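The values are calculated or read from the model by the stated rules, or taken from the named source; none is laboratory data. Quick caveat, the model's predicted, so the values are computed rather than measured. When we count neighbours, we look across all protein chains shown, and the Cβ atoms used for this are built from the backbone with ideal geometry, even at glycine. For the accessible areas, the whole protein counts, side chains as well, though only heavy atoms, and no ligand, DNA or RNA atoms are used. Shrake-Rupley method; radii C 1.70, N 1.55, O 1.52, S 1.80 Å.
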Amino acid sequence: MMLQIKMDNFKKYEEQFLFIKENLPEELENYLLDMAKGLLRLAKARTPKQDGDLRRGWEIGELKREGDDLIISVYNKEFYARFVEYGHKVVINKKTVGYAPGFYMLTVSTKRIRRQIPRRLKKHFDKVLNSL
């Protein structure tokens, strides 16, 4: 038994695959930056607003390549952000008088973003493919 496949417009498909190969790293970087911006928005929204410094402290780091990995950081530059994130003891006159619960601004936001990754990745690359 023999199977024959006829492919019309092969040159067009070849050009599209070459375009994807050449532009895929840039598109992955754009996608990762988009995800970091979404994480930043979610974290800011969950951040308690007392004087505003903590909300304004959220930043996106520089996109870096480490081997085959692309890395981008979302962080808060305020030194006390970790205490608000995870909670802390309340100490008065060297005596623990209670516990301030955490807000889990980044923890919860990261979980929400991770659930969105498959859908958003498909949407992003469908958009790239449809532009061909």
Scan of the range 24-72 for residues that are assigned to a helix (DSSP H, G or I) and aliphatic (A, V, I, L, M), ordered by number: 24, 28, 32, 33, 35, 36, 39, 40, 42, 43, 45, 54
The range 16-35 residues that are touching a residue at least 24 places away in the same chain (Cβ under 8 Å) and farther than 27 Å from residue 59 by Cβ, paired with ones that are among the aromatic types (Phe, Trp, Tyr) and exposed (fewer than 14 other Cβ atoms within 10 Å of the Cβ) (beta carbon under 6 Å, 6 or more apart): none
So residue 22 passes all but one of these: (1) open to solvent by less than 80 Å² (accessible area, probe 1.4 Å); (2) closer than 26 Å to residue 131 by Cα; (3) out of contact with any Leu (no Cβ under 9 Å at 6 or more places or on another chain). Which condition number does it fail? (1)
Whichever residue in the range 53-70 is touching a Pro at 6+ places or on another chain (Cβ under 9 Å) and closer than 24 Å to residue 81 by Cα and, among such residues, is most open to solvent (accessible area, probe 1.4 Å): 55
Exception for residue 75 within (1) part of a helix (DSSP H, G or I); (2) surrounded by 14 or more Cβ atoms within 10 Å (Cβ to Cβ) falls at (1)
I'd like to verify a number: residues in the range 25-52 that are of a type in the set (Asp, Glu) and surrounded by fewer than 14 Cβ atoms within 10 Å (Cβ to Cβ), how many? 3
Out of 6, 44, I need the residue that is modelled with pLDDT of 70 or more and among the charged types (D, E, K, R). Which one? 44
Verdict on residue 83 being assigned to a loop (DSSP other than H, G, I, E, B) and open to solvent by 70 Å² or more (accessible area, probe 1.4 Å): no
Name the residue that is farthest from the chain's Cα centre (by Cα), counting only residues in the range 98-132 that are open to solvent by less than 100 Å² (accessible area, probe 1.4 Å) and of a type in the set (D, E, K, R). 126
Selection status of residue 88, at negative phi, part of a helix (DSSP H, G or I) and surrounded by 11 or more Cβ atoms within 10 Å (Cβ to Cβ): no
